[in-house]
Amino acid sequence: MTDKHMVFVYGTLKRGFGNNRLLSGSKFLGEARTEDKFALYESGIPFVIEDEQVSQISGEVYEVDERTLARLDRLEGHPNWYFRKMVNISVNATERYETEKRIQAWIYFFPKRQGILIKSGVFQ
Ligand code: PCA
């Protein structure tokens, strides 16, 4: 059994965006948001900044295997471009009888502000 990792994605790895193909073999766990506030910037591509508190960030959570995580790291340039860290995430209920779940998942932060601030925390 290979290791499983939870990954929270907020940008080009989401459904409907080009890089989501890297997650085509991974389990989608639901739409989600960060528990803590961060800052989402965009200049063509999105960047979440760890040390600025603007809004919760919206995205999706996937369960990925070791190999997929390594591919994501390569795509995002971890740890030299984006860097991956563990954060607290609330995953939306997918069924009416469910409640939201609190989990810990990896997120790709970016080290410096770039482009315009998206105050809603939603990249689209
Ligand atoms: N890809 C990663 C980080 C930013 C980006 O565009 C993601 O979707 O979470």
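Readers should treat all values here as calculations from the given coordinates under stated rules, not as data from a laboratory. Not measured: the values here are computed from a predicted model. Cβ placement follows ideal geometry from the backbone for every residue including glycine, while neighbour counts extend to all protein chains displayed.
Cβ crowding within 10 Å ranks Tyr82, Tyr62, Tyr97, Tyr108 as Tyr97, Tyr82, Tyr108, Tyr62, fewest other Cβ atoms first. Using a 10 Å cut-off around each Cβ, can you sort Trp106, Trp81 from fewest to most neighbouring Cβ atoms? Lowest to highest Cβ neighbour count: Trp81, Trp106.
In the chain, the inverse of the mean reciprocal separation of distinct Cα atoms equals 14.5 Å; this is its Kirkwood hydrodynamic radius.
When the pairs Lys37/Lys85; Lys85/Lys119; Lys27/Lys101; Lys37/Lys112 are compared against a 19 Å limit on Cα-Cα distance, Lys85/Lys119 fall above it. Of the residues Val91, Val54, Val61, the one with the fewest other Cβ atoms within 10 Å heads the list, and the complete ranking is Val54, Val91, Val61. Loop-located trypsin sites (Lys or Arg not before Pro) across segment 47-82 with a Cβ neighbour count of 14 or fewer within 10 Å are lacking, with loop assigned by DSSP. Counting only helical runs of four or more DSSP H residues, what would the 222 nm mean residue ellipticity of the chain come to if each run contributes -39,500 (n - 2.57) and the total is spread over all its residues? Rounded to the nearest 500, the figure is -2500 deg cm²/dmol.
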